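Heads up, the thing below is written out as C-alpha cells.
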Amino acid sequence: MSTLLKVYLNEDHVGNLWLDNKNFCFRYVNLDTQPISLSLPVREEPYLADEARPYFANLLPEGDTRTLVEARLGTPRGDDFALLRVIGGDCAGAITLFPEEQIPFVDADYKELSNDELITLIKELPRNPLGAGRSEKVRLSLPGAQNKTTLYRKDGVYYEPENGAPSSHILKIPITQHDGIVDTVHNETFVMMLAKAVGLNVPDVEMVIIGEIPVFIIERYDRFIDNDMSLKRILQEDFCQLLGFDPCVKYQRQGGPSLEHCVEKVREHSSNITEDLDQLLKWVAFNVLIGNADAHAKNLSMIWGKTGIRLAPFYDLLSTSVYGDSHDKDFAMAIGRQYHTEQLTRDDWKTMAEYLDISPKLVAKSNAILLRDIELAIKMTLQEFNSRYGSNLTIDKIIEGVIDRKKLLMA
C-alpha cells in the first residue's frame with residue numbers, strides 16, 4: 001500500500017502529500033496551479049518538517065466525532081494521515097486526497113437514496129458520524145465535532161456522492177450528550193435565518209424531519225453549478241488553515257487565533273476589504289447578541305471567487321447560552337482583552353477597535369445599526385420560522401437572551 005496521497009484541486013492533480021518520520025511533507029507537482037492555501041504558496045521546494053500539517057489536519061473531524069470515525073474505520077487513534085487516506089475524498093473547499101494507486105473521478109457519480117436508506121443513514125449518525133465506512137465509494141470529511149454528513153440533493157431527492165463526486169448540502173442532527181439530546185437543530189436554523197435578516201452573508205438553510213428526527217440542512221457555499229450544469233467545488237480555507245494553527249488550538253484562550261489575526265488576513269488577502277471588515281464586525285456583535293461562545297477561527301473562512309479572494313459566508317451560528325451552565329459562556333475570541341460576556345463594556349469595544357486598527361466610531365456605528373435592526377429582524381424571522389416549523393421553547397429562550405444582551409453592544 002502506497003504511503004503517498006495525491007492532492008487534487010477540483011479534478012487536477014496539483015501536489016503530493018507524504019510522511020517523513022511522521023512529519024507531513026507536501027510538494028506541488030503543478031507549478032502553474034493556484035495555491036491550495038494562502039499558507040502554502042506555490043513553489044518548487046517541498047514543504048517539509050510538518051509545515052503542511054495544520055492545513056490538512058483542519059480538514060478532519062474533531063473530538064468524539066473523530067474518535068467514532070476512527071473506531072468505525074479501524075484507523076490508528078490520532079493518525080491524521082491515515083484518516084485522510086480513508087475519508088479525504090470530499091472535503092471542505094476544493095481539495096480532495098486519494099491514495100496514489102487510486103484513479104479518482106473516472107466513475108464519479110451519485111447513488112440515489114431511498115426514503116428508508118435516508119432514514120437509516122440519519123438515525124445511525126450518533127453512532128456513525130459522517131456515515132463512515134458505509135461504502136468504499138463514499139469518502140467524505142468535514143471539520144467540527146457535530147453529528148453530520150454530506151449528500152447531494154436535487155429536486156428534493158437525496159444522493160450519496162461516490163468516487164470523488166462533490167456533495168451539495170450538509171445535514172446535521174441534534175447533538176447527543178451523556179445527559180440527553182441538545183436541541184441544536186431548531187437553534188441553528190433560527191439563528192442562521194436571523195443572521196440573514198440582519199444582513200450577514202450566510203447560506204440558505206432549512207429544517208426537515210427525517211424519520212422523526214429534526215435535521216438542519218445547509219446549502220454548501222463552496223460549491224457551484226458550472227456552464228455544463230455540473231456541480232463543482234470552490235477553493236476555501238478556514239482561518240486556522242490560513243494562519244497555520246492546529247485544530248486543537250482553535251480557541252484564542254488555548255493559544256489559537258485572535259480577531260486581530262483574522263482581520264490582518266482579511267486586509268492582506270481580501271479583494272474587497274471594506275465590505276469584508278464590515279461583515280466581520282457585524283459577525284462579532286451578532287455573536288454577542290445571540291450568546292454564541294463558540295465563534296472561533298475555524299468558523300471563519302476565506303473563499304476564492306470570480307472577483308478574487310473574499311471572506312466566506314458565515315456558518316455554525318447558534319446560541320450556546322440557552323443551554324445554561326453546562327456550556328461555556330465566555331467568548332472564543334476576546335473582544336479587546338475581554339473574554340467574559342457579562343463583563344463586556346464600552347471600553348472593551350474601544351480596545352478591540354484599537355487592536356484591529358479600526359476607528360472606534362466605526363465600531364460604534366456598526367453596533368448601533370445592528371441594534372436598530374435586530375428587533376424587526378426577530379419579529380420577521382420568528383413569523384417565518386413559526387409558519388414553517390411551529391413554535392419552539394428554545395427559540396423563545398434565544399429571543400429573550402438577545403433582548404437582554406442588547407446592552408452589551410452599547411459601544
Label-point gap, in nm, between Asp109 and Leu362 - each point 7 angstrom along Cα→Cβ: 5.3
Cross-link partners of Lys406 among aspartates and glutamates (Cα-Cα below 12 Å; sequence separation of 8 or more within a chain): Glu342, Asp373, Glu375
Between 0 and 90°, nearest 10: helix 259-269 axis offset from the chain longest Cα axis: 60
Glu260-Glu219 pseudo-label distance in nm [points 7 Å out on the Cα-to-Cβ vector]: 3.9
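Note down the magnitude of the dipole of the chain about its Cα centre, charges +1 on Lys and Arg C-beta and -1 on Asp and Glu C-beta and zero elsewhere, to the nearest 20 debye.
740
Can you give the alpha-carbon Rg of the stretch 317-373 over 2.2 N^0.38 Å, where N counts its residues? Before the final figure, lay out each step's value.
Details: Rg = 12.9 Å, N = 57, 2.2 N^0.38 = 10.2 Å.
Cα-based Rg divided by the globular estimate yields 1.26.
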Rg/Rg_ref, the stretch 231-409, where Rg_ref = 2.2 N^0.38 Å and atoms are Cα: 1.05
q = 0.18, 0.19, 0.24 Å⁻¹, the stretch 317-411: log10 I(q)/I(0) [Debye, one scatterer per Cα]: -0.94, -1.01, -1.27
Selection from Ile378, Asn392, Ser321 lying farthest towards where the dipole of the stretch 255-411 points positive, charges on Cβ: Ile378
Distance (nanometres) between label positions extended 7 Å along Cα→Cβ at Lys232 and Lys329: 4.9
Candidate lysines for bridging to Lys306, where Cα separation is under 20 Å - those fewer than 8 sequence places away on the same chain excluded: Lys232, Lys265
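Could you order the peptides 347-357, 285-295, 221-231 from most to least packed, using the average number of other C-beta atoms within 10 Å per residue? If you can, show how the numbers build up before the last one.
Working: 347-357: 17.8, 285-295: 22.7, 221-231: 12.2.
Highest to lowest by the protection proxy: 285-295, 347-357, 221-231.
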Computed over the stretch 363-409, Kirkwood Rh from alpha-carbon pairs, angstrom: 11.6
Amide hydrogen neighbours beyond the local backbone of Asn292, cut-off 5 Å, H modeled: Thr320
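Based only on the alpha carbon positions, what is the Kirkwood hydrodynamic radius of the chain, in angstrom?
Details: mean 1/r = 0.0454 Å⁻¹.
So the Kirkwood estimate lands at 22.0 Å.
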Residue (of Ser258, Leu277, Leu344) at the positive-pole extreme of the stretch 231-409, dipole from beta-carbon charges: Leu277
Spherically averaged projected area in nm², based on the convex hull that wraps the Cα atoms of the stretch 166-244: 8.1
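Multiply the residue gap between Gln343 and Arg253 by 0.36 nm, knock off their C-alpha separation, and tell me the result in nm, one decimal place.
Details: separation 90, 0.36 × 90 = 32.40 nm, distance 1.65 nm.
Net length gain for the segment: 30.7 nm.
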Highest average packing first - 310-316, 271-277, Cβ atoms within 10 Å: 310-316, 271-277
Tail beyond 26 Å, pair distance distribution of the stretch 4-173 (Cα, percent): 28
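A short reminder: the numbers here are calculations on the coordinates, not readings from a lab. This one's a predicted model, so the numbers in the text were calculated from it and none came from an experiment. Neighbour counts run over all protein chains shown; Cβ positions are idealised from the backbone, glycine included.
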